[in-house]
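Colleague: Could you have a look at this structure, given as structure tokens, before my questions?
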Amino acid sequence: MEDIYLLAIESSCDDTSAAVLKNNELLSNVIASQAVHAQYGGVVPELASRAHQQNIIPVVTAALQDAHIDKSQLSAVAFTRGPGLLGSLLVGVSFAKAFAYALDIPLIEVDHLQGHILSHFIKKDTPAPKFPFLCLCVSGGHTQILKVNDFFNMEVIGTTIDDAAGEAFDKIAKILGLPYPGGPYVDKLAKDGNPDTFRFSKANIPGYNYSFSGLKTSFLYFLRDRLAEDEHFIEHHLNDLCASAQKAIIDSLTKKLILAAKHLNIKEIAIAGGVSANHGLQEELLRLAKQYGWHVHIPTLKLSTDNAAMIGIAGYYKFLRHDFCGIDAIPYTNSQH
Ligand code: KG4
Ligand code: ZN
């Protein structure tokens, strides 16, 4: 079979990314992150779409150059159709449509979350997960456990009823006065802290569902009381606070994963999404793998947070099925699952 060269574009939130794949092999993956939001403590949608407008052409150009591919060699263009911020998605969607139309090649729409999950199928030295597997998809916008039966047959069996795990990390970081997005800062500071120093109340939600808003409130009230006694409490205990809050999030995440793995008798376990970059979560999964005989699949850092390579691999499997979309495809902002 002839080789398939795909250009993939991701612009759902605040990272503008383009990747080039040759079949399931990644040739380039360029990501431009938007520093402009840090000063506001969160993503400002209007600023995000403007930054995507500025970044999209340089990022696509760099992805083609890094891959040593000319646009005339491309077989198709894949893009994130949703979920995400409308103004951000529109930039990537419009660019992908125009590019595919001008080159007269097929257009492939990809769901952002399916992309995160399928990132495990990019060619690498270690084996990809075997179907069916459980995937804990944890990002700034989503927290889900999915039973992945096949590339495009995924069942959501558990989800958060309020905040996403990444949001919980970011809110804890904000309370501690750390920059946005706070997840990586909490992760780093937690490494030198004792996770058993402080205990915060955890939600008890039925089934495989999650809730993180209670943890944030418990953390906030705990700090309010301690700061009343010692105004330097945060500085004195920053590492232990990060380690203890991180442990509370990880324990919640893994508790439901263990439950689902037991009930469904599945030992192939994957994690995906920005929070899967967390070292504490990764270590705990490796420990659980030994305890329960799981095979765990952890993405590399660049493939865990938002990137176009994951959109490219999902696009590749859609290409094999001739699952193309029309020029009339419009973005969707909410999860389709
Ligand atoms: O998947 P992603 O890049 O974007 C979304 O689709 O949301 O995830 C971003 C989220 C943010 O909440 C960020 O704080 C969190 O992932 N994150 C982390 C780490 N790296 C990124 N959370 C904890 N530890 C990390 N190392
Ligand atoms: Zn994401």
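The values are calculated or read from the model by the stated rules, or taken from the named source; none is laboratory data. Here the structure is a predicted model, which means the values were calculated and not measured. For neighbour counting, all protein chains shown are included, and Cβ atoms are generated from backbone atoms with ideal geometry for every residue, glycine included. These accessible areas exclude ligands, DNA and RNA; they are computed on the full protein's heavy atoms, side chains included. Shrake-Rupley method; radii C 1.70, N 1.55, O 1.52, S 1.80 Å.
Colleague: Rounded to the nearest 5, what is the percent of antiparallel bridges among the DSSP beta bridges in segment 130-299?
Modeller: 60
Colleague: Over the chain, what is the relative contact order in percent, taking alpha-carbon pairs closer than 8 angstrom and at least six residues apart?
Modeller: About 24 percent, as a whole number.
Colleague: Next question, about the same structure. With a 10 Å radius around each residue's Cβ, average the other Cβ atoms per peptide and rank 129-135, 26-32, highest first.
Modeller: Result, highest mean first: 26-32, 129-135.
Colleague: Return the lysines within reach of Lys302: Cα separation strictly under 16 angstrom, same-chain partners fewer than 8 residues apart disregarded; answer none if there are no such residues.
Modeller: In chain and number order, the partners are Lys123, Lys124.
Colleague: For segment 130-299, how many pairs of lysine residues have a Cα-Cα distance under 12 Å, where the two are 8 or more positions apart or belong to different chains?
Modeller: Close lysine pairs under the 12 Å cut-off: 11.
Colleague: Still on this structure, please answer the following. State, to one decimal in nm, how far the label point of Asn23 lies from the label point of Lys302, with both points 7 Å from Cα in the Cβ direction.
Modeller: 2.1
Colleague: Could you run the Karplus curve 6.51 cos²θ - 1.76 cosθ + 1.60 with θ = phi - 60° over segment 181-192 and give me ³J(HN,Hα) per residue in whole Hz, x for Gly and Pro?
Modeller: x, x, x, x, 5, 4, 3, 5, 5, 5, 4, 9
Colleague: Okay, moving on. Measuring from label point to label point, each 7 Å out along Cα→Cβ, what is the Ser33 to Lys267 span in nm?
Modeller: With each label placed 7 Å out from Cα toward Cβ, I get 3.7 nm.
Colleague: I need the peptides 282-295, 212-225, 69-82 ranked by packing, meaning the mean over residues of other C-beta atoms within 10 angstrom, with the highest value on top.
Modeller: 69-82, 212-225, 282-295
Colleague: If you don't mind, there's one more thing I want to ask. Determine the relative contact order of segment 130-299: mean sequence separation of Cα pairs under 8 Å and six or more apart, normalised by residue count, in whole percent.
Modeller: It comes to 27 percent, rounded to a whole number.
Colleague: Using a 1.4 Å probe on the protein chains only, how many percent of the accessible area of the chain belongs to carbon and sulfur?
Modeller: Answer for the chain: carbon and sulfur cover 52 percent of the accessible area.
Colleague: Here's a follow-up. Round to a whole angstrom and tell me the spacing of the C-alpha centers of segment 81-117 and segment 274-293.
Modeller: The two parts, judged by their Cα centres, are 32 Å apart.
Colleague: Now for a different question. Of all DSSP beta bridges in the chain, what percent run antiparallel (nearest 5)?
Modeller: The antiparallel fraction comes to roughly 60 percent.
Colleague: May I ask you to derive the relative contact order of segment 11-95, considering only C-alpha pairs under 8 Å and at least 6 residues apart, and to give it as an integer percent?
Modeller: Over segment 11-95, the number comes to 40 percent.
Colleague: Given 25 °C and 0.890 mPa s, compute D for the chain with the Stokes-Einstein relation, Rh being the Kirkwood radius over Cα pairs; round to the nearest whole µm²/s.
Modeller: 119
Colleague: Return the calculated 222 nm mean residue ellipticity for the chain, to the nearest 500 deg cm²/dmol, obtained by summing -39500 (n - 2.57) across DSSP H runs with n ≥ 4 and dividing by the residue count.
Modeller: That calculation yields -14000 deg cm²/dmol at 222 nm.
Colleague: Something else: Mind checking Rg over Rh on segment 1-108, alpha carbons, Kirkwood formula for Rh?
Modeller: Computed over Cα atoms, the ratio is 1.00.
Colleague: Another question, if that's okay. How big is the shadow of the Cα convex hull of segment 130-299, averaged over all directions, in nm²?
Modeller: With the hull built on Cα positions only, its mean projection is 9.4 nm².
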